[in-house]
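*Asks:* Would you mind keeping the following structure in view while I ask a few things?
Values in this text are rule-based calculations from the coordinates and carry no lab data. These figures come from a predicted structure and were not determined experimentally. Methodologically, a virtual Cβ is constructed for each residue, glycine included, from the backbone with ideal geometry; neighbour enumeration extends over all protein chains shown.
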């Protein structure tokens, strides 16, 4: 089986002499002297390292994750890198040196200066899984960098949108139909999450979409006996936010779920004859999986709150304490240690066609917490079904959640988009011209003619009295060329003409205008040149 090669971004010092030493001696070294860290192999795990919580895992990776055959990229800051090399010797510690004594052996393959955008991580050691940057590294190594440079420049376009999303938290990509807004939203999301699809979710709004789909609501479920009952379930956005919250937690100590599972398994085996040391009443499990002592019930949620030292809002906690003590004595429940919160791991929620849903009905009270200024617990709210929750915990949108919406400028539903929601989003126009790189990526040698026809058609559309740039044709329509074997007549008749007829329906001289647009669409570069030469000849005569 072929070994997988990983790519590692590693920060190098600004001092040129140190970098020259790395090149000369075929190595790359990291300085951890400010943490007073000796040979990394002396530590059993990353938690033992005398460093800050955010740095421990990255330091540990340098010695234990980077392997022979991996590729390392020497970077400075967040936008430039100066060398690409292959690892030829795994981690070793140079005890004779005071600084830069944590090293790996590197065969430097390319030395120079390249720009990789301004969106890389600032960590000293970083496993890079971003597909665009990896393609850039590969193109430099295989000698095709200059051929690919146009594509790299085009993708700077994505970085512009990424910067806007980082600053505003909520972004709506608006523009004419077919400009690739959804495609762009996904590309921006991949950049922000370093290509981790588990940190991205997607939904498309429509007129029947509502609060129960998005936040939470009562859903019909089978109870196992063939009967249907209604159960409170989280919607897609609430589930996404809960996942983002969990991802923020690092470190800590909590094995409650494991101990609870052992306890409930043991209770099930005894079939109603399980006795706790401090109770003479046999315990069983109710239909929700909670521990029942005749009529008193110790729910998992309340016992967990007691375990964390939080308020259960119970007048008496007798049975909860009985269960908690027993879990510690018999099922290995350790003392709870609260995790630290790290907001570096970013999550992106994409709402396609955001204007097609009834916004106020879908978001409900989240109008408040979705505001960028009220992310985190400061913006917590009680949801519409809060009275059915096991606990009094309120819902909030964590700081590491970013939202991208898309909408067509000419969709009639845009007019009804809620003004209260408008001010919570940053609206950025995506023009057909800015997205033409999609044609280069998807159509190859056919891209140039497609771009010429698209531009000519859009100029003609702007000249129609009833229309403007909002009615431009986006490059996504020209991707249909693959479906019609690059027959432009079929592209016109089956895709473009029906759309333009909708634009012009009921307008003055509809047929004549459509004919003018068709002539513009048919005009290629050669025909433009011939027309210009004819005009020049007429002028000379």
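*Asks:* Mind running the shape call on region 7-154? Use the C-alpha gyration tensor, a ≥ b ≥ c as the square roots of the eigenvalues: rounded below 1.5 for a/c, prolate if a/b tops b/c, oblate otherwise.
*Replies:* prolate
*Asks:* Let me ask something else about it. Using the alpha-carbon atoms, what tilt in degrees (0 to 90, nearest 10) does helix 53-64 show relative to the longest principal axis of the chain?
*Replies:* Orientation of helix 53-64: about 80 degrees from the principal axis.
*Asks:* Continuing with the same structure: Between residue 97 and residue 212, what FRET efficiency comes out of the Förster formula 1/(1 + (r/R0)^6) with R0 = 51 Å and r the beta carbon distance, rounded to 0.05?
*Replies:* 0.25
*Asks:* Then there's this: Where does the chain land at 222 nm, in deg cm²/dmol rounded to the nearest 500, when only DSSP H runs of n ≥ 4 count, each adding -39500 (n - 2.57), divided by all residues?
*Replies:* Mean residue ellipticity, 222 nm, calculated: -11000 deg cm²/dmol.
*Asks:* Oh, and also: I want to check the label-to-label distance for residue 264 and residue 4. Put each point 7 Å from Cα in the C-beta direction and report it in nm to one decimal.
*Replies:* Calculated label separation equals 3.2 nm.
*Asks:* Right, here's the next one. Can you put 241, 334 in order, fewest other beta carbons within 10 Å first?
*Replies:* 334, 241
*Asks:* Taking Cα atoms, how many degrees apart are the long axis of helix 318-330 and the longest axis of the chain, rounded to 10 and kept between 0 and 90?
*Replies:* The angle comes out at about 90 degrees.
*Asks:* Another question, then. Kindly identify region 433-540 as rounded, prolate or oblate by the Cα gyration tensor criterion: order the square roots of the eigenvalues as a ≥ b ≥ c, call it rounded if a/c is under 1.5, otherwise compare a/b with b/c, prolate if a/b is larger, else oblate.
*Replies:* oblate
*Asks:* How tilted is helix 181-192 with respect to the longest principal axis of the chain? Cα atoms for both, answer in degrees (0 to 90, nearest 10).
*Replies:* Compared with the principal axis, the helix lies near 50 degrees.
*Asks:* So how far apart, in nm, are the two label points at residue 202 and residue 334 if each is 7 Å from Cα heading toward Cβ?
*Replies:* Placing both labels 7 Å along Cα→Cβ, they lie 3.9 nm apart.
*Asks:* Need one word for the chain: rounded, prolate or oblate. Basis is the Cα gyration tensor (sqrt eigenvalues a ≥ b ≥ c); a/c below 1.5 gives rounded, then a/b vs b/c decides. Display every interim value, and only then the final one.
*Replies:* Values: a/c = 2.92, a/b = 1.33, b/c = 2.19.
Taking the square roots of the gyration eigenvalues as a ≥ b ≥ c, the chain is oblate.
*Asks:* What FRET efficiency, computed as 1/(1 + (r/R0)^6) with R0 = 25 Å and r the Cβ-Cβ distance, is obtained for residue 67 and residue 36, rounded to the nearest 0.05?
*Replies:* Values: r = 27 Å, r/R0 = 1.07.
Here the calculated transfer efficiency is 0.40.
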